1. Amide H to amide H under 5 Å from Leu129: which residues, 5+ apart in sequence or cross-chain, H placed 1.01 Å off N in plane?
2. Test of understanding: in a Gaussian network model of the chain with alpha carbons linked when under 10 Å, which of Ser55, Ser109, Ser96 would top the mean-square fluctuation ranking?
3. Mind checking which of Arg39, Arg119, Arg13 has the largest fluctuation in a GNM of the chain, springs on alpha carbons under 10 Å?
4. For Ser151 and Thr26, what is the calculated FRET efficiency with R₀ set at 35 Å and r taken between the beta-carbons, to the nearest 0.05?
5. Top mean-square fluctuation among Gly29, Gly44, Gly104, Gaussian network model of the chain, C-alpha springs under 10 Å?
6. Extension gain Gln128-Asp90, at 0.36 nm per residue separation less the Cα-Cα distance, in nm?
7. Subtract the Cα-Cα distance of Ala143 and Gln16 from 0.36 nm times their separation in residues, and report this length gain in nm to one decimal.
8. Rounded to the nearest 0.05, what FRET efficiency do Asp165 and Glu63 give with R0 = 45 Å and r taken as the Cβ-Cβ distance? Could you check?
Amino acid sequence: MDVVEAIVADHVRFEQLLRVLRARDTDAGAVRARRIAARGELAGLLVGHAMAEESEVYPKLRELAGGGAHAEHGADEHIDGHRKLLALLDVADVLSAEFERAVGKLSNSLAHHLDEEERTLLNDARTQLDAPTRAALGAAWVAERDRLIASGCGRRDAVAALIPDAAG
């Protein structure tokens with residue numbers, strides 16, 4: 001699969017999961033169950049996605065497409081996203097105003113990052129890498145992302161370990 005299309009597909013899934021995390025209705029039990037499931041899926045997908053980009057995609061883009069500055073900025077934004085995700089994971093009551101604030105902060109950070117990444121790194125990949133290279137990168141990225149998700153990369157302790165000052 002083309003790496004750009006694979007990454008953008010995850011971006012779309014992030015937005016879908018955030019909509020679930022923001023949605024309310026009159027059945028509190030159903031909202032709670034949906035939010036808990038969506039938060040867990042988002043945590044694994046978001047961390048696996050970011051870590052696989054940093055190990056499989058960003059190095060190649062630095063080497064092949066001259067995207068070093070954009071890749072470094074993207075990695076910095078991943079850390080910010082991990083901080084916001086950790087704050088969301090630390091809210092016990094998924095029906096609380098605190099949870100909704102944490103969702104809002106993560107959503108804003110993620111929207112900023114996705115916009116920049118799609119306009120810079122991913123467009124660089126589209127214009128500077130040929131189709132076979134994008135396909136090979138896509139296969140490597142998907143395999144690594146899926147391996148990380150299966151390993152539990154979205155667990156609270158795993159997310160905290162990615163943040164330099166949040167080891168606890």
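Coordinate-derived values only; no laboratory data. Note that this is a predicted model, so its numbers are computed, not measured. Glycine gets a Cβ as well: all are built from the backbone with ideal geometry, and neighbour counts include every protein chain shown.
1. none
2. Ser96
3. So, out of Arg39, Arg119, Arg13, the one fluctuating most is Arg119.
4. After rounding to 0.05, the efficiency reads 0.40.
5. Ranking Gly29, Gly44, Gly104 by mean-square fluctuation puts Gly29 first.
6. Between Gln128 and Asp90, full extension yields 9.6 nm more.
7. Length gained, Ala143 through Gln16: 43.5 nm.
8. The computed FRET efficiency comes out at 0.90.
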